[in-house]
Amino acid sequence: MPITRKQFLRSTPLAPFALQRLLRASTAGSRPNILFMFADDHAWQAVSAYGSRLNHTPNIDRIAQEGMLFRDALVTNSICAPSRAVILTGKYSHLNGVLSNAVAFNGSQQTFPKLLRGAGYQTALIGKWHLQSEPTGFDHWEVLPGQGAYYNPDMLYAGGKRQHTGHATEIITELSLEWLSKRRDPKRPFLLMCQHKAPHRNWMPAPAKLSLYNTQTIPEPHNLFDDYSHRASPARNQAMEIDRHMTLGTDLKVPVKDDPAEYKRWEAMRARLNPEQQRIWDAAYGPENEAFLRARPQGRDLVRWKYQRYLKDYLRTIASVDDSVGSLLRYLDATGLAENTIVVYSSDQGFYLGEHGWFDKRWMYEESLRTPLLIRWPGVVKPGSVNTDMVSNIDLPETFLEAAGVPVPADMQGRSLTPLLRGSTPRDWRTSFYYHYYEGGGHGVPPHYGVRTKSQKLIHYYETDEWEMFDLEKDPSEMRSVYGDPAYRQAQAALLAELKRLRAELKVPEAAPPPGRKKKGA
Ligand code: SGN
Ligand code: CA
């Protein structure tokens with residue numbers, strides 16, 4: 001059996017520096033490896049490199065310190081499976097087919113991992129996949145079925161399924177490290193997509209993180225008690241309020257005996273944990289739950305309590321993701337791979353952390369339209385750089401292909417970020433961006449499309465033919481639509497013209513295709 005790099009590292013008598021030089025010699029000047037670390041629902045408001053008031057993410061921040069942070073990274077369709085399909089194909093949802101979470105990805109189509117693999121890269125995908133069909137284009141994959149479980153998850157691989165013991169974030173990290181150290185062929189460049197379930201709902205933290213933030217009060221957003229006036233009807237009619245739609249049992253881990261159905265769901269959630277994990281959970285949540293059940297706050301006090309529990313659990317799951325980033329970065333350092341590896345951290349979309357009183361995503365509003373994006377590329381990206389251009393998840397596949405020296409197919413619809421990474425934005429870089437959400441159903445957000453520039457946004461809820469327009473400079477939190485306001489007549493007409501132009505350029509069908517019916521739990 002050939003010796004693995006890890007075994008080699010352990011057994012070698014060479015001094016660490018000489019060893020690193022030796023290992024580097026085999027990759028220096030060659031095509032870069034790509035480590036793509038991807039979270040699910042990680043809001044940019046919860047990354048300290050983005051100026052978070054909420055938490056500290058030292059390992060993710062390290063990518064910003066040593067690379068580039070993109071302040072205005074936008075997704076084309078703010079929901080899980082569609083975002084993943086956009087990244088794989090470099091095409092908008094109407095062309096890659098995954099309009100909503102209910103649609104299976106057609107794995108026979110062109111994807112960037114297939115193109116890299118065809119060019120000699122070895123490709124691996126570990127973690128959340130959520131595209132229903134089996135992954136294609138990967139030498140190795142091991143994925144959570146559907147949304148996957150936080151605790152003791154099953155994972156699927158080519159030809160089988162196995163159950164792991166422990167927390168999903170830690171398991172995905174271990175499997176990624178195992179692939180890097182034991183399964184990878186060190187002679188070929190690699191693409192590793194390490195894709196976490198966290199911090200997706202229902203925000204179940206790892207045992208080691210359960211007491212984080214215990215003694216803190218998480219600051220509230222100024223619009224936690226938004227009344228949804230001054231906007232079209234969808235904002236009022238949604239079902240993603242912390243107040244009315246976040247459940248005490250499954251979302252917030254409180255055993256509410258006076259709500260038997262919810263209590264049952266709480267029991268089912270707890271039953272997923274093994275006895276040791278249950279013991280740790282009961283010790284961590286017990287005292288606070290008892291105090292809550294005794295006091296039973298109401299009205300705004302209840303919303304505030306729910307917000308604290310929600311945010312703490314959400315941030316606790318992120319602390320594990322940040323640890324995972326740290327472990328993978330340290331592995332790259334220790335093996336000398338860091339120098340020739342492009343490291344990316346991003347999320348499938350943004351998320352509401354109480355802004356407008358909400359959780360979840362889907363809207364074209366800023367919190368869910370924007371996603372974190374940080375890229376380190378030694379020797380190419382100037383450490384500590386910040387980019388403010390409008391970039392997108394649709395730009396990632398072209399970026400990876402160009403970095404690998406693989407021709408970019410003409411039918412991809414994004415644009416490579418490599419010039420931006422080198423520090424110069426092409427003069428004809430995009431100044432407007434097209435967004436289209438199709439799913440409907442889930443959380444009551446109706447399908448909508450729109451255009452966003454650096455300073456303005458126009459949204460069309462086409463089922464009810466309602467419009468919104470926002471002046472992002474005067475109203476960054478999007479509390480008041482200026483659609484129809486005479487002061488914005490010209491700007492509104494210009495946005496409408498740009499929206500039409502983008503739809504034609506991107507080949508969006510005039511009539512929106514049906515998104516597919518949403519299955520429960522999809
Ligand atoms: C689940 C969640 C929803 C979430 C969707 C889509 N409910 O259905 O809150 O919007 O996933 O999320 S839960 O009770 O099952 O947690 S996505 O990120 O996968 O698109
Ligand atoms: Ca998601």
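The values are calculated or read from the model by the stated rules, or taken from the named source; none is laboratory data. Since this is a predicted model, take the numbers as computed values, not measurements. Counting neighbours? That spans all protein chains shown, and the Cβs are built from the backbone with ideal geometry, glycine included.
Tabulated data for the structure shown
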item	result
Qualifying residue in the stretch 349-362 (condition: within 16 Å of Ile34 (Cα to Cα) and either in contact (Cβ under 8 Å) with a residue 12 or more places away in the chain or in contact with a helix residue (DSSP H, G or I) (Cβ under 6 Å, 6 or more places away or on another chain) (or both))	no
Criterion: aliphatic (A, V, I, L, M), without any contact (Cβ under 8 Å) to a residue 40 or more places away in the chain and either more than 13 Å from ligand 1 (Cβ to nearest atom) or in contact with a strand residue (DSSP E or B) (Cβ under 9 Å, 6 or more places away or on another chain) (or both) - qualifying residue of Ala73, Ala104, Ala119	Ala104
Within the stretch 155-213, tally of residues that are more than 16 Å from ligand 1 (Cβ to nearest atom) and either among the basic types (Lys, Arg) or farther than 21 Å from Tyr345 by Cα (or both)	26
Test: residue in the stretch 272-284 that is polar (S, T, N, Q), touching a residue at least 60 places away in the same chain (Cβ under 8 Å) and within 29 Å of Ser176 (Cα to Cα)	yes
So Gly450, is it part of a strand (DSSP E or B) and small (Gly, Ala, Ser)	yes
Subset of the stretch 150-196 [under 18 Å from Val343 (Cβ atoms) and basic (Lys, Arg)]	Arg184
Complete set of residues in the stretch 229-247 that are away from ligand 1 (no atom under 13 Å from the Cβ) and buried (at least 17 other Cβ atoms within 10 Å of the Cβ)	Arg231, Ala232, Pro234, Ala235
Pairs with Cβ under 6 Å, 6+ apart, first in the stretch 31-57 and farther than 28 Å from Ala404 by Cβ and assigned by TED's automatic domain parsing to the domain that holds Arg71, second of a type in the set (Val, Ile, Thr) and within 16 Å of ligand 1 (Cβ to nearest atom)	Ala46/Ile318
Qualifying residue in the stretch 104-112 (condition: over 16 Å from the mean Cα position of the chain (by Cα), β-branched (Val, Ile, Thr) and in the same structural domain as Lys361 (by TED's automatic domain parsing))	yes
Counted residues, the stretch 368-393 - those being in contact with a Lys or Arg (Cβ under 8 Å, 6 or more places away or on another chain) and within 16 Å of ligand 1 (Cβ to nearest atom)	2
